[in-house]
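Worksheet: one structure, shown below.
Please treat every number below as a calculation from the coordinates, not as lab data. Since we're looking at a predicted model, the values are computed, not measured. Heads up, the Cβs are rebuilt from the backbone with ideal geometry, glycines too, and the neighbour counts pull from every protein chain shown.
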Amino acid sequence: MTDAALSPAPASRRGSQTRVLFAAAIFTSAALVFTVQPMVTKLVLPMLGGSPSVWNTSMVFFQAALLVGYAYAHALQRIGSLKAQAGVHLALLLVAALFLPLRISGLLGDPDPNAPIAWLLATLALSVGAPFAVLSATAPLMQAWFARLRAGHADGVNPYVLYAASNLGSFLALLAYPILIEPLTALSGQRWGWSGGYGLFVVMVAVLGAAIWRRREIAASAPARLAASPPIPWREKGVLVLLAAAPSSLMLGVTAHLSVDVASAPFLWVAPLALYLLTFVIAFSARPVIPFETTLVLSAALGAAVVSMAAFKTGEWVVLFGMHLLAFFFIALLCHQRLAQRRPAPDRLTEFFLLLSLGGVVGGAFNALLAPVLFNTVWEYPLVLVLVGLARPWDKGPLSRVEIAAIALGAVIILTPPIALEIIRYQPDIRAVLSNQALIHISQLVFGLGAICAFLVRDRAPVFTLMLAMLTASAHHIARGYEWNLSERSFFGVMRVATTYDVRLGGDVHVLMHGTTLHGAQPTSPVSRCSPTLYYATGTPLGQAALKIQERRPNGANIGVVGQGSGAMAAYKRAEDRLTFFEIDPMMDRLSRDPRWFTFISDCADGPVRTVLGDARLTLNKESAGSYDLLVIDAFSSDAVPTHLLTTEAIAGYLRLLRPDGAVVLHLSNRNLEITLPASAAAQTLNAPSLHQVFIEDPAQPDMSEASTEALVIAPTEAGLAAFRADPRWRELQPTEVRPWTDDYVNLFGSLVRQMRYAAG
């Protein structure tokens, strides 16, 4: 019996039930697919030093696995029988279940710091590749099944609506992870919970297949193949790939941009990804809640605003976060609405999604794999922000007078700040009145006017894009700060060396920047070049600790330092001392030993200095127990906080390496995160005595001579703190109720909130 022979009401109910069944299965698979991404990345993050690049590289893997899943779904359509397709898919789901419960494979051993990307991609493939790829095929596969089952019905004409259900499941899962799953569930519980969800989904697929096969509406015969539509032209395929690549690239770009100086953490990862998926939900809905015309206006306004401010640092972290996310949302929505407008007939559905998935891989690979090779700084985010202007509709009509005026005035406004800066750079009278910060504020106001001019020509895609390019180049020229002698990039970040002048330090000072964080400085004057500077100056907690331990060990101390920087701690090394740096980034070790820039290690240290490359947790674990007098953990002030170095297990590992009267000093200075209380809580849990100090730099000292510092010293016994207790600068912290971090639980969001509360007063 066919639908035509059935009464309208039963047919309608059956169609509704079919939609619900398919939507539920697609929703569940999408939720599983996008819950596993932050969870697995969090599992592997500690092995690579907590670098923000871990998320970007992981996203490339997940996008590639998604592409494999979509290719499999497309190939499966060659089988004419839906029953056979369902049987094959169910069998592969069962095979992939052999990889559960999820874990990080140890087959490849520890990562090689010189080739972290290859190790990460291979490890993810071995750990989660099979279940992720099979799960990711569910959405396009079931949409294709639905289109055949409902052929001839109104809802069968647009199966793309189910794509919105898929992305809604993904969106809600991503929101749930940082808000509910991560704070309330340990990683071990997350692994088993996800495995249980996967098993439930396999049961759902089996029940769905059985239920569909039994339905009267398809009992007479198998659903016919859909009518063939013309092939998608190659030019159109290229356009679809590029339109899909741009939001994918921007998603990773904005994530990296926002995580600089904060942390590589799920609560920062999932926000751009969730918005990315939400744009798919809106774009492919039957009735989008945001019209395309509105998207055109808001994407232009927000895009121009963000381009004008992306180069500048600001203390208004929340405002910056919101602006970048809003701009990303509407620009991604623009691209995805353009894709929805170009979607082919239902028989080309799996091919369409295959092209979209390919675009996602292209965009992700550009950011994570190509950009670090092509650029010596982070140019991929502003570059794609500019180029996406070409995705706007092209109006070929004549320019209006308003548009011509906006172009001319905008060009003058945008080019004025960098030209003016070069003119006044060598004018001491002007420089005496206007500080660098004042010049930047003035430039930002001028760039805001330039952004308005660019907005006025938003309907002229090539011209709009050109003005955004000019705005980006000018803003980055103004915001570059120092005149850089060197800029290099690795998996672990961007490293730059500059020269500044300070007469009180004897002349030129070489400065090391890691991302946006000052990471070291050394005067070139023979008088002061071997004086440790900034966080390592003799008056700072780190300097105090080195001197106290050396006084206790006149015949030689064994000192370990996590985080090499410019190598300033080497200035403390006596001939009788042993000093070891534990550094994850080979580029950092190379720069700190390059005598063109820094000579703390080569000239100031008395005797050789060892460097051990790799993640500190992995390398310290290979050191002999009870062999160190002092450990300095200086890894928390840079681009991202390696949280695994602050867990209870990590601190227990440091104490294991110390002699009974040894000590570990944690340098806890961080602009955006309060991390002292979790560290103190860990010491409480371990019953290890600890003392705290906040050091405030002397404003009368030269700029690079010392820096304000917060530190916590922990010892295995009271003997290790004896010298510190005798110093009134070190004080006891009150017991805290903050939950200590563990390898199974970290709450970075709570640290961010605490820091924001402290800043607010």
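Defining a contact as two alpha carbons under 8 Å apart and six or more residues distant in sequence, what relative contact order in percent does the chain show?
13
Taking the simple approach of a point 7 Å from Cα along Cα-to-Cβ for both D508 and F375, what is their distance in nm?
The answer from the label model is 2.9 nm.
Show the residues, 5+ positions off or on another chain, whose built amide H is closer than 5 Å to the amide H of Y628.
When sequence neighbours closer than 5 places are left aside, the close amide H contacts are L658, R659.
Show that you can apply the helix-only estimate: for the chain, add -39,500 (n - 2.57) for every DSSP H stretch of four or more residues, divide by all residues, and state [θ] at 222 nm to the nearest 500. Please list the in-between numbers first.
On the way: 25 runs with 400 residues, N = 761.
Only helices count here, giving -17500 deg cm²/dmol.
For segment 174-185, what does the Karplus curve 6.51 cos²θ - 1.76 cosθ + 1.60, with θ = phi - 60°, yield as ³J(HN,Hα) per residue in whole Hz, taken in order and with x for Gly and Pro?
Working through the residues one at a time gives 5, 5, 5, 4, x, 8, 10, 5, 5, x, 9, 10 Hz.
Determine ³J(HN,Hα), in whole Hz, for all residues of segment 127-133 in sequence, where each value follows from phi through the Karplus function 6.51 cos²θ - 1.76 cosθ + 1.60 and θ = phi - 60°; x replaces Gly and Pro.
8, 9, x, 5, x, 5, 4
Could you tally the net charge around T736, taking each other residue with its Cβ under 14 Å from the Cβ of T736, Lys/Arg +1 and Asp/Glu -1?
-1
Please find the FRET efficiency linking H441 to V95, where r is the Cβ-Cβ separation and R0 is fixed at 45 Å, and quote it to the nearest 0.05. Provide the component values of the computation, followed by the final result.
On the way: r = 60 Å, r/R0 = 1.34.
The formula returns an efficiency of 0.15 here.
Would you kindly derive the ³J(HN,Hα) couplings of segment 475-480 from the backbone phi angles with the Karplus curve 6.51 cos²θ - 1.76 cosθ + 1.60 (θ = phi - 60°), listing them in order in whole Hz, with x for Gly and Pro?
Ordered by residue, 3J(HN,Hα) equals 4, 5, 5, 5, 7, 5 Hz.
Tell me the angle of helix 187-214 to the major Cα principal axis of the chain, expressed in degrees between 0 and 90 and rounded to the nearest ten.
10
Can you tally the net charge around L45? Count Lys and Arg as +1, Asp and Glu as -1, for every other residue whose Cβ sits under 13 Å from the Cβ of L45.
Values: positive: K42, R617; negative: E182, D615, D743.
It works out to a net charge of -1.
Can you give the extra length, in nm with one decimal, that the chain gains between A228 and D743 once fully stretched, where that is 0.36 nm per residue apart less the Cα-Cα distance?
180.0 nm
What relative contact order, as a whole-number percentage, does segment 274-401 give when Cα pairs under 8 Å and 6 or more residues apart are counted?
31
Okay, which of segment 278-300 sit inside 18 Å, backbone N to the point 7 Å along the Cα-Cβ direction of E236?
In segment 278-300, the label zone of E236 (backbone N under 18 Å from the point 7 Å along Cα→Cβ) covers no residue.
Among rounded, prolate and oblate, which fits the chain when a ≥ b ≥ c are the square roots of the eigenvalues of its C-alpha gyration tensor, a/c under 1.5 means rounded, and a/b larger than b/c means prolate?
Because a/c hits 1.5 or more and a/b fails to exceed b/c, the chain counts as oblate.
Any idea what % of Cα-Cα pairs in segment 529-760 are farther than 30 Å? List each step's numbers first, then the result.
Values: 4993 of 26796 pairs.
Looking at segment 529-760, the distances longer than 30 Å represent 19 percent of pairs.
Would you list, by chain and number, the aspartates and glutamates whose Cα falls below 16 Å from the Cα of K237, excluding same-chain residues fewer than 8 positions away?
Straight-line reach from K237, under 16 Å: D347, E351.
Take every Cα-Cα pair in segment 695-761 and report what % of them are more than 16 Å apart.
Working: 1562 of 2211 pairs.
Considering segment 695-761, 71 percent of its Cα-Cα pairs are separated by more than 16 Å.
Among 457-463, 42-48, 272-278, how do they line up by average Cβ neighbours within 10 Å per residue, starting with the highest?
Packing order, densest peptide first, comes out as 272-278, 42-48, 457-463.
On a 0 to 90 degree scale, rounded to 10, what angle separates helix 748-760 from the longest Cα axis of the chain?
In the chain, helix 748-760 runs at an angle near 60 degrees to the longest axis.
Shape call for segment 574-671 from the C-alpha gyration tensor, a ≥ b ≥ c root eigenvalues: rounded (a/c under 1.5), prolate (a/b greater than b/c) or oblate? Don't jump to the answer; show the numbers that get you there.
Working: a/c = 1.89, a/b = 1.23, b/c = 1.54.
Verdict is oblate for segment 574-671.
Among the lysines, which have Cα under 22 Å from the Cα of K573 when same-chain residues fewer than 8 positions away are ignored?
Partners within reach: K548.
If the rule is a partner Cβ under 4.7 Å, which cysteines in the chain fail it?
If one checks each Cβ against the other cysteines of the chain, C335, C453 turn up with nothing under 4.7 Å.
What net charge do the residues around Q190 carry, taking every other residue with its C-beta under 11 Å from that of Q190, with Lys and Arg at +1 and Asp and Glu at -1? Working shown, then result.
On the way: positive: K42, R191; negative: E182, D744.
Combined, the nearby Lys, Arg, Asp and Glu give 0.
Taking 7 Å along the Cα-to-C-beta vector as the label spot, tell me the Q701-F292 distance in nanometres, rounded to one decimal.
6.2
Which peptide among 24-33, 569-578 comes first, and what is the full order, when sorted by highest mean count of other Cβ atoms within 10 Å?
Numbers: 24-33: 22.4, 569-578: 20.4.
Going by the mean number of other Cβ atoms within 10 Å, highest first, we get 24-33, 569-578.
Measuring from centroid to centroid over Cα atoms, what is the spacing of segment 108-143 and segment 548-614 in Å?
Using only Cα atoms, the two centres lie 38 Å from each other.
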